[in-house]
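Only one structure is covered here, and it is reproduced in the block below.
Nothing in this text is a laboratory measurement; each read-out follows from the coordinates by a stated rule. As the structure is a prediction and not an experimental result, all values here were calculated from the model. Backbone-built Cβ (ideal geometry, glycine too); neighbour counts: all protein chains shown.
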Amino acid sequence: MKICFYQRLAISLVAVFMLVMIACFYSTNELQKLTQQEAEQKLHIGLAEHLVRDNPLLKEGVYDYDALGNLFHSLMILGPNFEFYYLDPQGKILTYSAKPGKVKAKTVDIGPIKHLIGDNRSFPVEGDDPRQLGRHKIFSAAPVYNDDKLQGYLYVIIGGERYDSILASLKNSQSMREIAIFLVVGLMLLLVALLVMFKYFTTPLRRLSDDMEKVREADFHRDQVPRDLAVWNKNSHNEVDRLGCAFTDMLTHIDNQFEQLSKIDTQRRVLLADLSHDLRTPLASLQGYIETLALNGETLSKQDRDHFVDVSLKNAKNLKHLIDQIFELAYLEGGQVTLHQEPFPLGELLHDVAAKFALDAQNKNIQIRVIPNHFEYHVFADIGKLERVLTNLIANAIRHTPQKGKIDLAVAIHNDKLRVDIRDTGVGISDKEIAFIFDARYQASNTEKDTCSHAGLGLAICQKLMALLNSDLTVESKLGKGTCFSFELTLVNSNALAH
């Protein structure tokens, strides 16, 4: 049988409550008993001493035990709370106030008597009860001397047998039963109140547990979870409410991650399919030309053979370029890239990259400028990764810029950083497509066609590289007027360079 959290708490509470109640009752009863004994013993501590000092039968020594027994009997009638015994120095009982046959013991331990008579008293002090073997009671005692010689002890039990019987009858009286019933009822009401409070405080936990069970049964799919989940107060100071809010937020986060993973998985499948097509195209062309050369190489003219070799080489280069991009994107997405950041002059890098594309730009009559043409700014970055970004962006700009266009590499200080803009006067990007240009495999509809095959991975690679350099790659574009890609780099001041 499964026991819920509230039932376990309730059972534990009842068990602990009963144990505490029993312990408190026992401790209170014992403490009350000790307090009462201490008070009575202190009140009657001098009783035996007064009797020895003031009574002729004890003052000068004891010679007539029968007369002393009668005296004890008379004193017991006057004070039924006391029992009187006369002991020899070794503790042997010589005479007493009780009826014959009532006294079971023949001797009394002298140790407690000497302790009480001595100076170092700690109350209550209990001695042997002659009426019942093994039982101890508080007492009063005094030594009896004869010519300065110890003859024995007067031993007075405080709270004798009659006192015990009266006390027992009082405990069984109607008033005591009513008090006991009142206490039990009060304690039971307190227990019920505690159980109600426990139920009130554990109800949110039970609701949260039920919600978790529903989510587990739905296999953590939010769309399959019933809509009757508890609503938690985010502004509450209650820990359970805050825990419920955290659980709801976690469920939403998990659901979003599931959706994102599903979307990424779909994108990967589409990407693999598209890349397979892009790889197959140059590979098929390469295979066709090589097979033609292998089968008909001897019958082809030198000009045809050279043409076939040039086309095959071009397809091989395109194929290598696509494979390199695929591997580069995979490394970036897998976080397997190591940065080597250092300060370096940005102007030199911009002029070097611009010079690398001088021939391609000249073929399309495109002007590439670095603005300003000369500057001394140093930045802190990975020069290899930054060169890769600039290479991709300038190659894109040349590919999408028509004849007699312009490409500017502009540098300016912005918010204590160095802002780099790559602006072109190309075909531009429409507002509908600009949000997707950093997605892998996406190619704008107005892309300039050329003889090279492109997988659409360049901008995705650039964005991930700039993220590694703690910068954002942004884009602004107007259709038919051009595009501007921008990013910011950490500026190194002259003092840092001097050190």
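Note on segment 233-269 and segment 297-331: Cα centroid distance 50 Å, given to the nearest whole angstrom.
The modelled label-to-label distance between R369 and D265, using points 7 Å beyond Cα along the C-beta direction, is 5.3 nm. Computed from the Cβ-Cβ distance with R0 of 51 Å, the FRET efficiency linking R207 to E38 stands at 0.40. Distance cut-off 20 Å, Cα to Cα: go down the list K92/K114; K385/K432; K404/K432 and report the pairs above it. Pairs exceeding the cut-off: K385/K432; K404/K432. The calculated FRET efficiency for the pair A435 and K199, based on their C-beta separation and a Förster distance of 51 Å, comes to about 0.40. Using the Cβ-Cβ distance between F182 and L13 with R0 = 25 Å, the FRET efficiency computed as 1/(1 + (r/R0)^6) comes to roughly 0.65.
As a proxy for reagent exposure, D211, D416 were ordered by neighbouring Cβ count within 10 angstrom, fewest first; the result is D416, D211.
Can you tally the net charge around D88? Count Lys and Arg as +1, Asp and Glu as -1, for every other residue whose Cβ sits under 15 Å from the Cβ of D88.
Details: positive: K92, K106, K114, K149; negative: D109, D128.
Charge balance in the 15 Å sphere: +2.
Simple spin-label estimate for K356 and Q132 gives 10.7 nm between the two label positions (7 Å along the Cα-to-Cβ direction from each Cα). Label sites at E298 and V231, each approximated as a point 7 angstrom past Cα along Cα to Cβ, lie 8.9 nm apart. If the chain linking K478 and D249 were pulled fully straight, counting 0.36 nm for each residue of separation and taking away their Cα-Cα distance, it would gain 78.4 nm.
Sorting F139, F201, F380 by the number of Cβ atoms found within 10 Å of their own Cβ, with the fewest placed first, yields F201, F380, F139. For segment 281-428, the share of DSSP beta bridges that are antiparallel, to the nearest 5, is 70%.
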